[in-house]
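Here is the structure we will look at.
Read-outs throughout are calculated quantities, based only on the coordinates presented, and are distinct from any laboratory measurement. From a predicted model like this one, the values you see are computed outputs, not experimental measurements. Cβ placement follows ideal geometry from the backbone for every residue including glycine, while neighbour counts extend to all protein chains displayed.
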Amino acid sequence: MQRLRWCLAVCAAFAAACASGPSPRDQIAAAESAMREAERADAQTYATAEWNNARETLADAKHAAEHDREVQARRLAELAEARAQLASARSREAQARRSLENQQESVDRLEAVPAPVTPPPAPLP
C-alpha cells in the first residue's frame, strides 16, 4: 500500500511538472522578443491591427503576472507572442505586395512606350 502511495505521489508530481510549462516570466520575455521582431518588420505601419492586438494582449499578460495569475499570464503571453508573429508576417506580406505592385507599374510603363521604329536599310547603288 505504501508503495502505491509513493507511486501515486511521484506520478502526481510528474504530471504537475509537465502541465506547468514555462514560467509566465519566460513566456512574457518570448512575447516581448516577438514584439521587437514585429517592430523591426514595421508592423505598426503595415499590420496596425495585428500589432495593436499583440501589444494589448502582452499588457494583459503582464497585468495578470503582476497579480499572481500565472496560468492566465502564461496563456496571454503565448497569445501575445503568436499575435506579434502574425503582425510580423502580415507586415512582410504587405511590404512584398507593395514591392510587387511597384515592379508591375514599372513594367507596365515600359511596355506602354512604343518601340522605336527602325527605318529600312537604304538600297545599295
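What pairs can you find where one residue is in the range 92-116 and within 21 Å of Ala38 (Cα to Cα), the other is among the charged types (D, E, K, R), and their Cβ atoms are less than 8 Å apart, with a gap of 6+ or different chains?
As it stands, the answer is Gln95/Asp42, since those pairs meet every condition given.
Residue by residue through the range 59-89, note down the ones that are of a type in the set (S, T, N, Q) and crowded, with 23+ Cβ neighbours inside 10 Å.
Across the range 59-89, the qualifying residue is only Ser88.
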